[in-house]
1. Regarding PHE28, is this residue at pLDDT 75 or above, of a type outside the set (Ser, Thr, Tyr) and either in contact with a strand residue (DSSP E or B) (Cβ under 9 Å, 6 or more places away or on another chain) or surrounded by fewer than 12 Cβ atoms within 10 Å (Cβ to Cβ) (or both)?
2. Select from region 396-427 the residues that are part of a loop (DSSP other than H, G, I, E, B) and small (Gly, Ala, Ser) and write down the one among them that is surrounded by the fewest Cβ atoms within 10 Å (Cβ to Cβ).
3. Please determine, by comparing only the residues of region 238-278 that are small (Gly, Ala, Ser) and either in contact with a strand residue (DSSP E or B) (Cβ under 7 Å, 6 or more places away or on another chain) or more than 22 Å from ILE397 (Cβ to Cβ) (or both), which one is modelled with the lowest pLDDT.
4. Read through the list (1) within 19 Å of ASN242 (Cα to Cα); (2) surrounded by 16 or more Cβ atoms within 10 Å (Cβ to Cβ), then give the number of the only condition that LYS454 fails.
5. Name the residues in region 414-439 that are within 14 Å of LEU350 (Cα to Cα) and at pLDDT 95 or above, would you?
6. Within region 324-347, does at least one residue satisfy the condition of being surrounded by 13 or more Cβ atoms within 10 Å (Cβ to Cβ), closer than 30 Å to PHE362 by Cβ, modelled with pLDDT of 95 or more and small (Gly, Ala, Ser)?
7. Looking only at region 433-448, decide whether some residue is crowded, with 18+ Cβ neighbours inside 10 Å, hydrophobic (A, V, I, L, M, F, W, C) and either closer than 19 Å to ILE340 by Cβ or outside the structural domain of ILE393 (by the TED database) (or both).
8. With respect to PHE388, is the statement that it is closer than 19 Å to GLY439 by Cβ and among the aromatic types (Phe, Trp, Tyr) true?
Amino acid sequence: MLDNQNTKQIPIKRRRRPQGTGFPAKIFTIVSIIVVLWLGLTDKGPLLPPFPSNFNSFDCHSISFESFKDRAGQIDFKFKTLPSVEYPPEYLPHFLKLTVKTGPTTMRYSGDQIENITRTENMIQFSIDHTWAGDSEITSQCLSNPPQTLKGYLNDIKIHKPQYSTSDDPFRDQAKFHDVCLEFEKFLYFVTIAGDRPAVPFDDTKLRFEMLRWPLDAYLKHKSVSMQQKTCFLVAPIDKKNWKAILLTLIPLSISVSKNEPNANNALFIFRKEVQPEAKNVLNFLSPNEPVKLDNIMCFPTLLMTSTYSKMDANFERINEMLNLDLDPIREKMPKSVMISRKIIICESLFDLLEEELKKKFDCAVYKLSNDMSIQDAAKMVSSANIFIADHIANMIYTIWMSSGQSTLIDATSKDYSCNPWAKKLTQKIGVGYVSINGQEKCQCDNFKCYMTKEPSQAMDVDVNKIISEVKAILNQ
């Protein structure tokens, strides 16, 4: 039977795999790791700030610098924009770089210096901290696209980080700083973000300036110094001639003190090299405090770099510059007398020539303004005059303290210099009457460059009869 037959088993031949053609799992794993590492090293994803200088984005074409709002230490910015197409919308604020130029100072902001960022489809808003006040030019640039600029005024700083410096609008002064130090005549301005600021001008020189990324307290501790407690004013050396001291020191300094420290007891005057012996007497009507010399290291809650000068400029244009300033502060601060009717003050060079004639012809009191009088005494005397007769800027400068609407200056300047109209302009400015004895449109010298450098020691070109006639007309008014 078929079921009982022995059948021979035929072995199944297995096909052998050729040697050397396998791909073991270990090798596959190693290759995979290498590929992943390579991708990780070469594909870094979207570019992150800070961006390289040659980087640009199509998204920058849609952004427009709309406006900024000053908050006295912080600046809020608005930019109009379209929806982002190349990068996520969060990127666009970081594409922006801001340059704020305030006076001579330039500050640059970007990246993590930008705060309070908000973003909508068509608007970006953010803010920055800024420690400089004054007329400013703000430029925004999106990557390498063309810059956009707006101009405006930044108010004096009220919002700022403690222990860091600020700079207010100096007005007529050279600079006004808070929380700064002078170290060997170099300014140290404490900041969180450094910028560019040239040397600070003062008295036709310049003091070095450095922005130090350090809090003020740390510097004070490191140098073992303490802060001054008063509002400080750096003052140029005072000229020994009274009229130059009035023009170059007292007029600009009076303006600075009036604006920055109404309490005279809190004002401290500082000199760079030495304190002149006469400084206290000249300045005591502005502050009773003893002036001091600048130490090697001094730190100030407030420091004014005043527009005072130790000497005239080459063309003597500084005289008119000072006379064109606001004279109300120096008129108000200097102690004065009330105007006394029929009181006549005569400068020293004209006194002997006019005294007897005036006393003989008029019922009046006649006094001499001596060349060696102090500024305060001379100002007090001239402020009481009904009539002031003078012949040179050295004595006519006291016209500043005459009584508005009540007094008259008789200008007896020599005919060679009488066409310089400075005295007439001065009397018009303070509301004092003016009469010129030798007045004429043309003369030998119509400016201060060729003006008499010294007051005359005796009368020059004096028409006594004309002076008597003018005095009579004034007294009979």
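1. Working: at pLDDT 75 or above: no; of a type outside the set (Ser, Thr, Tyr): yes; either in contact with a strand residue (DSSP E or B) (Cβ under 9 Å, 6 or more places away or on another chain) or surrounded by fewer than 12 Cβ atoms within 10 Å (Cβ to Cβ) (or both): yes.
Considered against the rule, which asks whether it is at pLDDT 75 or above, of a type outside the set (Ser, Thr, Tyr) and either in contact with a strand residue (DSSP E or B) (Cβ under 9 Å, 6 or more places away or on another chain) or surrounded by fewer than 12 Cβ atoms within 10 Å (Cβ to Cβ) (or both), PHE28 comes out as no.
2. GLY405
3. It comes out as ALA264.
4. Going through the list (1) within 19 Å of ASN242 (Cα to Cα); (2) surrounded by 16 or more Cβ atoms within 10 Å (Cβ to Cβ), LYS454 breaks only (2).
5. ILE437
6. Scanning region 324-347, I find at least one residue that is surrounded by 13 or more Cβ atoms within 10 Å (Cβ to Cβ), closer than 30 Å to PHE362 by Cβ, modelled with pLDDT of 95 or more and small (Gly, Ala, Ser), so the answer is yes.
7. Among the residues of region 433-448, not one is crowded, with 18+ Cβ neighbours inside 10 Å, hydrophobic (A, V, I, L, M, F, W, C) and either closer than 19 Å to ILE340 by Cβ or outside the structural domain of ILE393 (by the TED database) (or both), which makes the answer no.
8. Numbers: closer than 19 Å to GLY439 by Cβ: yes; among the aromatic types (Phe, Trp, Tyr): yes.
Yes: the conditions hold for PHE388.
The values are calculated or read from the model by the stated rules, or taken from the named source; none is laboratory data. Source: prediction; values computed, not measured. Counting neighbours? That spans all protein chains shown, and the Cβs are built from the backbone with ideal geometry, glycine included.
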